[in-house]
Amino acid sequence: MRITSTSKAVRLLSPETYRAEAETVKAAETVAPQPPPAPAPHAVPVELGRTFAGVVLLVESRSMVMQLEDTRFIVLDINGTESGPHTGDRVDVRAGEYDGHGLMAEAVNIVERATPANAPPPHQSVDSQAETDPVLQHARETESTVDRALPNFLCREVVKRYENSAGGNEWELEDTLSAEVLYSRKTGETYRDIQVDGRPAQKSWPELGGDISTGEFGSLLHGLLANQGAQFQFVKEDSVNGVAAREYSFRINRAQSDWKILSDYQYIIPQYSGRVWFDRDGKHVLRIEKKAEGIPSAFPLNSVEAEVNFSEIRLESSQTYRLPAQAETRVCIRDSHKCSRKTIEFHDYKKFTGETKITF
């Protein structure tokens with residue numbers, strides 16, 4: 001799942017991503033997983049205004065991502081030169097305005113050049129219960145099989161976005177979005193025929209602003225069940241929509257997290273925890289709930305939650321799959337009463353076999 005946001009409220013992008021602005025609320029694919037944050041070799045001062053100090057994580061064309069000590073990542077637009085910053089360098093940056101992609105870097109001071117890293121890769125712990133619990137084992141095997149067998153498909157997604165500026169349980173409907181979604185294992189989701197309140201939109205799905213999410217179809221399940229570092233604990237026998245189920249709690253630490261939460265020019269990859277419900281024999285996931293933990297105090301958001309409910313969907317005459325039916329995300333702005341809530345419904349699933357366009 002992925003979460004994003006622009007100037008209206010909060011944008012949610014995902015394998016899992018989230019995006020929002022500090023002033024307003026905007027709200028978890030499939031994007032390629034970001035590399036896990038590496039620990040900074042030395043303590044670095046916190047930024048004053050828009051001056052940052054940290055380690056360069058990525059340099060690509062005229063963009064740079066730097067990692068701060070508090071686990072945040074800052075996206076900057078730079079004037080690339082051969083002698084400029086490289087991955088692993090420690091830098092001080094004075095930044096200017098946000099240009100819709102990253103902060104404009106006005107000055108980049110290289111404090112220390114990168115040195116060859118000879119340290120072994122971090123150890124990834126394996127959850128002992130997941131290795132011995134037959135339901136969890138079956139769920140992981142089933143997810144892997146279904147992920148490989150899932151055909152390309154189309155569905156209609158309808159999103160209702162709400163805001164709550166006064167606290168409490170009163171939510172005001174802001175707008176309704178809809179789009180036809182084409183899902184492919186190779187490329188993730190593609191959005192077309194996008195509408196806002198029933199009118200055709202002239203922007204792409206991520207550019208709409210407000211509470212936007214992608215990644216519900218594959219990355220959410222894969223990020224949980226294929227993650228060997230996920231820690232599971234059986235909670236109780238339960239039921240979901242009348243289906244007998246087994247409820248488990250789970251936790252994924254920051255080093256193994258695939259959830260990316262963005263707020264304009266900065267993002268975090270947080271640890272998260274939640275609950276997952278399997279049917280009795282572990283063939284299907286029925287519901288997932290998750291919540292970000294350990295969000296840095298300097299990050300604009302202080303709460304991000306997401307949940308997805310799955311239903312049995314027939315894509316072919318003789319084949320059914322467990323796919324998302326409803327989803328919801330909730331996010332709150334730090335030092336503010338503003339929160340946003342987004343509900344999603346998926347329907348009209350169809351198998352997608354291909355398109356051909358011939359021009360003369």
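Overview of results
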{"quantity": "Qualifying positions in segment 213-253 - surrounded by fewer than 16 Cβ atoms within 10 Å (Cβ to Cβ), among the aliphatic types (A, V, I, L, M) and not in a strand (DSSP E or B)", "calculated": "A226"}
{"quantity": "Matching residues in segment 229-246 - criterion: being over 19 Å from H138 (Cβ atoms) and touching a Ser or Thr at 6+ places or on another chain (Cβ under 9 Å)", "calculated": "G229, N241"}
{"quantity": "Cβ pairs under 7 Å, 6+ apart, first in segment 140-153 and in the same structural domain as K283 (by TED's automatic domain parsing), second modelled with pLDDT under 70 and of a type outside the set (A, V, I, L, M, F, W, C)", "calculated": "D147/G218"}
{"quantity": "Residues of segment 306-322 satisfying the condition of being touching a strand residue (DSSP E or B) at 6+ places or on another chain (Cβ under 6 Å) and more than 19 Å from N227 (Cβ to Cβ)", "calculated": "N309, S311, E312, I313, R314, L315, E316, T320, Y321"}
{"quantity": "Search result, residues across segment 126-143 that are surrounded by 14 or more Cβ atoms within 10 Å (Cβ to Cβ) and at pLDDT 65 or above", "calculated": "D133, V135, L136, H138, A139, R140, T142, E143"}
{"quantity": "Scope segment 99-125; condition within 30 Å of L262 (Cβ to Cβ) and modelled with pLDDT under 60; matching residues", "calculated": "A117, A119, P121, P122, H123, Q124, S125"}
{"quantity": "Tally of residues being closer than 17 Å to S336 by Cβ, assigned to a strand (DSSP E or B) and acidic (D, E) across segment 152-179", "calculated": "3"}
{"quantity": "Within segment 180-202, considering residues that are at positive phi and assigned to a strand (DSSP E or B), the one modelled with the highest pLDDT", "calculated": "D193"}
{"quantity": "G84, sole failed condition from (1) at pLDDT below 90; (2) assigned to a loop (DSSP other than H, G, I, E, B); (3) surrounded by fewer than 16 Cβ atoms within 10 Å (Cβ to Cβ); (4) over 22 Å from the mean Cα position of the chain (by Cα)", "calculated": "(3)"}
{"quantity": "Members of segment 71-81 found to be under 15 Å from S263 (Cα atoms) and surrounded by fewer than 16 Cβ atoms within 10 Å (Cβ to Cβ), listed by number", "calculated": "none"}
{"quantity": "Scope segment 297-321; condition outside any strand (DSSP E or B) and surrounded by fewer than 17 Cβ atoms within 10 Å (Cβ to Cβ); matching residues", "calculated": "S297, A298, S317, S318"}
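This table checks each residue for (1) among the small types (G, A, S); (2) under 20 Å from K342 (Cβ atoms).
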residue: T187; (1), (2): no, no
residue: D197; (1), (2): no, yes
residue: G209; (1), (2): yes, yes
residue: L225; (1), (2): no, no
residue: A230; (1), (2): yes, no
residue: E247; (1), (2): no, no
residue: R254; (1), (2): no, no
residue: D264; (1), (2): no, yes
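The values are calculated or read from the model by the stated rules, or taken from the named source; none is laboratory data. No experiment lies behind these values; they were computed from the predicted model shown. Neighbour counts are summed over all protein chains in view; Cβ atoms, including those assigned to glycine, are modelled from backbone coordinates with ideal geometry.
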